[in-house]
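J.: Take this structure first; my questions come after.
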Amino acid sequence: MALINGIETHASAAETFLQDEERVDWHDKALWNLRHKRDLAAGTVPEWEQLKQLGSEIKLHTLSNLSRYLQEFEQNCQANGITVHWAKDGAEHNQIVHSLLQKHDVKLLVKSKSMLTEECHLNPYLEDRGIEVIDTDLGERIIQLRKEPPSHIVVPAIHLKKEEVGELFHEHLGSEKGASCPTYLTKQARYHLREKFLQADAALTGVNMAIASEGAVTVCTNEGNADMGANLPNLQIHSMGLDKLVPNMDAVGVLSRMLARNATGQPITSYTTTYKGPKPGGEMHVVMVDNGRTALFKDELIAEAYKCIRCGGCLNTCPVYRKSSGFSYNALIPGPIGIAVSAHKDETHSLAWACTLCGSCTKVCPTKVPLDSIIAKWRRVHAEQNNLPYGKGSYMPYVGKLMGNEFLLNTGGKVARTALKILPGSLMKPFSGAWGKSHELPEVSTTDSFETWFNKNRENK
Ligand code: SF4
């Protein structure tokens with residue numbers, strides 16, 4: 001196991017996941033299936049590319065005028081009877097939420113749809129203070145019972161088999177032993193969660209879009225759990241990162257046409273609800289969190305990562321994510337977008353290399369986040385700060401010299417081809433690290449190098 005500062009590198013954690021070949025195969029297929037559905041759904045919208053352009057411009061415009069829209073949002077929220085709180089980091093966010101819950105003597109909080117609260121570590125914070133927190137999205141409840149973080153931002157339990165969920169529910173919810181039928185298990189979860197919804201003293205949800213012109217927030221779910229939570233107890237809290245702001249309802253229209261299509265291939269999420277004020281006799285609060293976002297806005301390219309609408313499409317298409325799972329990333333948000341927003345915090349300096357730079361993520365992104373360029377930039381930043389991953393710092397300067405010299409490159413190619421012909425692949429594998437251990441080397445061409453072939457054929461034209 002390769003550890004840096006006591007933390008596992010991406011390659012090392014990926015190696016652990018790769019031990020279970022069967023799981024790797026269906027994980028890969030399940031995610032590729034989502035990507036396939038996304039392609040079909042996008043294909044039903046003739047103006048898809050124009051929508052992407054609009055989505056990108058809306059998000060960029062909002063980020064460029066953030067302080068104006070934040071003020072507009074707060075003023076309109078206040079006019080609607082909503083209280084807006086400001087948190088500079090996760091600690092402040094948690095204190096604000098806790099003080100609201102304390103004020104209302106909350107013992108049980110139902111929570112839904114919030115990667116931000118994972119980012120702020122809200123659950124353990126509240127549990128340490130005697131408040132029970134129940135995650136109510138089916139996938140999130142599953143991983144909460146397993147005491148695991150999500151492995152995907154849209155389908156958080158995608159790494160688990162239905163049999164494993166069956167065992168878990170038998171242990172915690174008392175479902176039949178050995179049952180693994182998804183319909184049966186979903187029903188068991190529903191009975192269990194209904195009880196919790198009815199007992200809850202407060203509800204907290206994430207936010208998909210906060211609408212400045214309306215002073216309202218839009219929440220999208222497929223299970224209706226956010227709506228159930230927000231409509232039952234009197235205290236309703238919505239936690240959001242500053243980047244979730246959009247100017248108006250037209251923007252919601254554009255982005256919500258792409259969100260579900262790009263995530264799961266659905267035309268729209270089953271529940272898309274806009275909350276514009278508290279229930280009669282109730283309270284509605286929005287907690288706005290920075291937590292390092294505005295610091296990254298200073299870099300024009302990296303700031304574009306915050307155009308993200310968290311559809312998960314880039315994870316589903318990423319060959320590295322599909323083969324190595326969300327747990328191999330030393331970051332809460334995995335996959336290409338996770339690298340884009342977390343590489344600066346990665347003490348192993350390995351995240352920015354968990355990428356083939358194939359660009360598939362950038363191609364599928366509905367708001368045109370230039371993910372591959374951002375990841376390449378993080379590599380450059382690490383190199384400039386002398387933070388290259390173990391080994392790269394020592395051999396990459398020589399590789400650079402080799403690649404920059406035609407004679408050396410051609411000679412090196414000849415030597416490598418000869419060596420690969422003489423030595424069996426297994427002897428070469430140790431030199432290609434964790435990657436090489438799980439890949440078959442291609443057969444070596446018995447004919448010329450590509451360069452010789454190219455020159456010969458070019459001359460023939
Ligand atoms: S970066 Fe783009 S594709 Fe990835 S989650 Fe965000 S919006 Fe979706």
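Read the figures in this text as sums done on the coordinates, not as results from a lab. Quick caveat, the model's predicted, so the values are computed rather than measured. Positions of Cβ are generated from backbone atoms using ideal geometry, with glycine treated the same way; all protein chains shown enter the neighbour counts.
J.: About its Cα centre, how strong a charge dipole does the range 47-291 have in debye, to the nearest 20, once Lys and Arg get +1 and Asp and Glu get -1 at the Cβ?
T.: 420
J.: Give me the distance in nm between label points sitting 7 Å out from Cα along the Cα-to-Cβ direction at N33 and S213, one decimal.
T.: Result for the modelled spin labels: 4.1 nm.
J.: Continuing with this model, one more query. Given contacts defined as C-alpha pairs under 8 Å and at least six residues apart, what's the relative contact order of the range 1-149, whole-number percent?
T.: Details: 64 pairs, mean separation 17.8, N = 149.
About 12 percent, as a whole number.
J.: What FRET efficiency, computed as 1/(1 + (r/R0)^6) with R0 = 45 Å and r the Cβ-Cβ distance, is obtained for Y184 and H439, rounded to the nearest 0.05? Mind dumping the intermediate values first?
T.: On the way: r = 39 Å, r/R0 = 0.88.
That pair, Y184 with H439, gives E of 0.70.
J.: Of all trypsin sites (Lys or Arg not before Pro) in the range 33-136, which ones are in loop regions per DSSP and have a Cβ with at most 15 other Cβ atoms within 10 Å?
T.: Numbers: sites: R35, K37, R38, K52, K59, R68, K88, K103, K107, K111, K113, R129; in loops: K88, K107, K113, R129.
Passing sites in the range 33-136 are K88, K107, R129.
J.: Right, something else. Evaluate E = 1/(1 + (r/R0)^6) for K162 and D25, where r is the Cβ-Cβ distance and R0 equals 22 Å; express this FRET efficiency to the nearest 0.05. Let's see the in-between values first.
T.: Details: r = 16 Å, r/R0 = 0.71.
Taking R0 as 22 Å, the efficiency between K162 and D25 is 0.90.
J.: Also: Helix 21-43 versus the longest principal axis of the chain: what angle, 0 to 90°, nearest 10, using Cα atoms?
T.: Here the helix axis deviates by roughly 70 degrees.
J.: If each of K414 and L173 carries a label point 7 Å out from its Cα toward its Cβ, how far apart are those two points in nm?
T.: 6.7
J.: A further question follows. Can you give the relative contact order of the chain as a percent, counting alpha carbon pairs under 8 Å and 6+ residues apart?
T.: Working: 732 pairs, mean separation 100.0, N = 461.
Computed over the chain, the figure is 22 percent.
J.: How tilted is helix 48-64 with respect to the longest principal axis of the chain? Cα atoms for both, answer in degrees (0 to 90, nearest 10).
T.: For 48-64 against the chain, the angle is about 70 degrees.
J.: How high is the FRET efficiency from Q75 to K103, r the C-beta distance, R0 22 Å, rounded to 0.05? Mind showing how you got there, number by number?
T.: On the way: r = 24 Å, r/R0 = 1.09.
After rounding, the FRET efficiency stands at 0.35.
J.: Follow-up question, since we're still on this one. What's the ranking of 325-336, 22-33, 144-155 by average number of surrounding C-beta atoms within 10 Å, highest first?
T.: Working: 325-336: 24.2, 22-33: 15.2, 144-155: 18.7.
Per-residue Cβ counts within 10 Å, averaged per peptide and sorted highest first, yield 325-336, 144-155, 22-33.
J.: Calculated from DSSP H runs of 4 or more alone, at -39500 (n - 2.57) each and per residue, what is the 222 nm mean residue ellipticity of the chain, nearest 500? Intermediate results must be reported in sequence, preceding the final value.
T.: On the way: 24 runs with 245 residues, N = 461.
After summing the helix terms and dividing by residue count, I get -15500 deg cm²/dmol.
J.: For L204, what residues show an amide H to amide H distance below 5 Å, using hydrogens built from the backbone and excluding near sequence neighbours?
T.: V110, K111, S112, I237
J.: For W453 and M249 in the same chain, what is the full-extension length gain: residue separation times 0.36 nm, less their Cα-Cα distance, in nm? Kindly include the intermediate steps, with their values, before the conclusion.
T.: On the way: separation 204, 0.36 × 204 = 73.44 nm, distance 5.75 nm.
Value of the extension gain: 67.7 nm.
J.: If you don't mind, there's one more thing I want to ask. Only Lys, Arg, Asp and Glu count, each charged at its Cβ (+1, +1, -1, -1), so figure out the dipole size of the range 7-56 about its Cα centre, rounded to 20 debye.
T.: On the way: 6 positive and 10 negative charges, 73 e Å.
Charge dipole of the range 7-56: 360 debye, to the nearest 20.
J.: Another question, if that's okay. Which cysteines in the chain lack any other cysteine whose Cβ sits under 4.7 Å from their own Cβ?
T.: Cysteines of the chain left without a disulfide-compatible partner: C77, C120, C181, C220, C308, C311, C318, C355, C358, C365.
J.: Once a ≥ b ≥ c are taken as the square roots of the eigenvalues of the Cα gyration tensor of the range 47-291, is the result rounded (a/c under 1.5), prolate (a/b larger than b/c) or oblate (a/b not larger than b/c)? It would help to have the intermediate numbers written out before the result.
T.: Details: a/c = 1.96, a/b = 1.31, b/c = 1.50.
Verdict is oblate for the range 47-291.
J.: Could you state the angle between the C-alpha long axis of helix 450-460 and the longest principal axis of the C-alpha atoms of the chain, as a value from 0 to 90 degrees rounded to the nearest 10?
T.: Helix 450-460 sits roughly 70 degrees off the main axis of the chain.
J.: Sorted from fewest to most neighbouring beta carbons within 10 Å, what does the list L101, L420 look like?
T.: On the way: L101 22, L420 17.
Ranked by crowding around the Cβ, least crowded first: L420, L101.
J.: Residue farthest toward the positive end of the dipole of the range 212-271, with Cβ of Lys/Arg at +1 and Asp/Glu at -1: which of S270, A226, A216?
T.: After comparing all options, I get S270.
J.: Same structure, new question: Add +1 for every Lys or Arg and -1 for every Asp or Glu among the other residues with Cβ under 10 Å from the Cβ of I142, and state the total. Present the calculation step by step, with values, prior to reporting the outcome.
T.: Values: positive: R141, R146; negative: D135, D137, E140, E148, E164.
It works out to a net charge of -3.
J.: Right, another one. If the chain between C358 and N234 were fully stretched, how many nm would it gain, using 0.36 nm times the residue separation less the Cα-Cα distance? If you can, show how the numbers build up before the last one.
T.: On the way: separation 124, 0.36 × 124 = 44.64 nm, distance 4.85 nm.
Length gained between C358 and N234: 39.8 nm.
J.: Just going by the charge dipole of the range 8-67, with Lys and Arg at +1 and Asp and Glu at -1 on Cβ, which of L34, H10, S67 is farthest out on the positive end?
T.: Selected residue: S67.
J.: How large is the charge dipole for the chain, taken about the Cα centre, if only the Cβ atoms of Lys, Arg (+1) and Asp, Glu (-1) carry charge, to the nearest 20 debye?
T.: Values: 51 positive and 52 negative charges, 199 e Å.
My answer is approximately 960 debye.
J.: How far apart, in nm, are the 7 Å Cα→Cβ label points at I268 and S373?
T.: About 3.3 nm, to one decimal.
J.: Name the residue from S394, N455, I302 whose Cα lies farthest towards the positive end of the charge dipole of the chain, charges +1 on Cβ of Lys and Arg and -1 on Cβ of Asp and Glu.
T.: After comparing all options, I get N455.
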